[in-house]
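Below is one structure, written out as structure tokens; the observations come after it.
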Amino acid sequence: MKRIESRNNPIVVQTGKLSSRKHREETRSFFFEGAHLLEEYLRFGQEPKTVFVRDGAEETYASLLRQVPEEALISVPEHVFSKLSTEQAPQGILTISPYLSCVRRVSSAEETPGRVLFLASVRDTGNVGTVIRTAASLGWTVVLSPDCADPYAAKTVRASMGALFSGVVCVCEDSLAYIRSFSSSERRVFAASLGERERTLGRFPLRGDDCFVIGNEGQGIDPALLAACGEAVIIPMTGKTESLNAAVAAAIIMWEGVRTDGTE
């Protein structure tokens with residue numbers, strides 16, 4: 001296992017820069033922390049560039065680290081690891097990965113068969129990561145608009161709990177063109193919003209190839225994108241609140257798909 005003692009080592013400095021989305025995109029690399037995420041990463045067949053191991057963690061996570069190629073492992077003292085870590089209580093494992101081939105770029109409905117949850121301008125990393133995790137659990141595909149929170153941000157990866165590595169995530173090149181492509185394929189697209197053709201979730205069965213659009217946390221769905229959706233859907237509520245958190249709304253919709261499987 002390679003050893004680095006200095007906080008000013010070029011590898012350490014370059015790793016620190018991965019907190020910036022610009023640097024992640026330039027290097028096509030990202031990082032995440034923790035033993036569980038590394039375990040999931042390896043389980044899905046991914047290969048790390050580097051795994052930093054803080055002094056003491058090599059004994060705690062010995063069986064996990066034996067699954068990592070020796071040339072990828074770097075041991076560091078506490079003062080070096082603390083420069084890299086963004087966690088309040090780090091476990092002492094930090095992984096650098098190349099961008100994932102399983103996170104695909106898509107431009108049309110044909111490239112995403114099955115049920116789709118489209119996130120339009122959702123900027124909160126926790127929401128995006130939570131939706132990814134839920135979609136992986138319930139068998140949906142998540143498609144992100146170009147201006148969504150970065151799927152490779154550390155907080156997104158952490159909130160996904162490893163589901164980012166599973167192949168359920170796509171990034172759309174042009175939101176409007178992508179949503180419009182559903183009409184030509186005769187698939188339904190529902191905007192999670194009030195609308196002229198409004199339906200209530202739970203009062204109609206979902207199909208196996210439906211698409212639902214969740215909008216920005218504060219602004220909702222862009223009017224042009226809303227117009228491109230064939231129908232609107234609302235989640236029945238008591239009226240004591242005006243709206244739901246984006247990740248919660250997405251989870252309810254995706255669960256409804258599971259609940260109504262086989263009814264149409």
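Below are the figures for this structure:
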item: The chain, accessible area per residue, ligands and nucleic acids excluded (1.4 Å, Å²); result: 48 Å²
item: Among beta bridges that DSSP assigns inside the range 83-220, antiparallel share in %, nearest 5; result: 5 percent
item: DSSP bridge pairs, the chain: antiparallel proportion in percent, nearest 5; result: 25 percent
item: Among Gln14, Val128, Ala192 - extreme Cα towards positive end, dipole of the chain, charges at beta-carbon; result: Gln14
item: Residue with peak Gaussian network fluctuation, the chain [Cα springs, cutoff 10 Å], from Lys240, Lys17, Lys155; result: Lys240
item: Zone of Gln219's modelled label, taken as backbone nitrogen in the range 159-193 under 16 Å from a point 7 Å along Cα→Cβ; result: 175-176
item: Rounded if a/c under 1.5, otherwise prolate or oblate - the chain, Cα gyration tensor axes; result: prolate
item: Mean separation of Cα contacts under 8 Å, 6 or more apart, over the residue count of the chain: relative contact order %; result: 19 percent
item: Contact order normalised by residue count of the range 192-264, Cα under 8 Å, 6+ apart, percent; result: 50 percent
item: Cβ crowding within 10 Å averaged over residues, with 200-211, 129-140 ranked highest first; result: 129-140, 200-211
item: Value at 222 nm in deg cm²/dmol, rounded to 500, when DSSP H runs of n ≥ 4 in the chain each add -39,500 (n - 2.57); result: -9000 deg cm²/dmol
item: Contour minus Cα-Cα distance for Asp55 and Leu176 (0.36 nm per residue); result: 38.6 nm
item: Two-site label geometry, Ile234 and Ser82: point separation in nm, points 7 Å out along Cα→Cβ; result: 5.4 nm
item: Rounded if a/c under 1.5, otherwise prolate or oblate - the range 1-56, Cα gyration tensor axes; result: oblate
item: Modelled FRET efficiency - R0 30 Å, Ser63 with Asn9, Cβ distances, 0.05 increments; result: 0.60
item: Within the accessible area of the chain (1.4 Å probe), percent carbon and sulfur; result: 48 percent
item: The range 44-109: trypsin sites (Lys or Arg not before Pro) in DSSP loop, at most 11 other beta carbons within 10 Å; result: Arg66
item: Leu42, Leu194, Leu226, reordered so the largest accessible area comes first (probe 1.4 Å); result: Leu194, Leu226, Leu42
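The values are calculated or read from the model by the stated rules, or taken from the named source; none is laboratory data. The structure presented is a predicted model; accordingly, all values stated were derived computationally and were not measured. As a convention, Cβ positions derive from the backbone with ideal geometry for all residues, glycine included, and neighbour counts pool all protein chains shown. Side chains included, ligands, DNA and RNA excluded: accessible areas come from the protein's heavy atoms. Shrake-Rupley method; radii C 1.70, N 1.55, O 1.52, S 1.80 Å.
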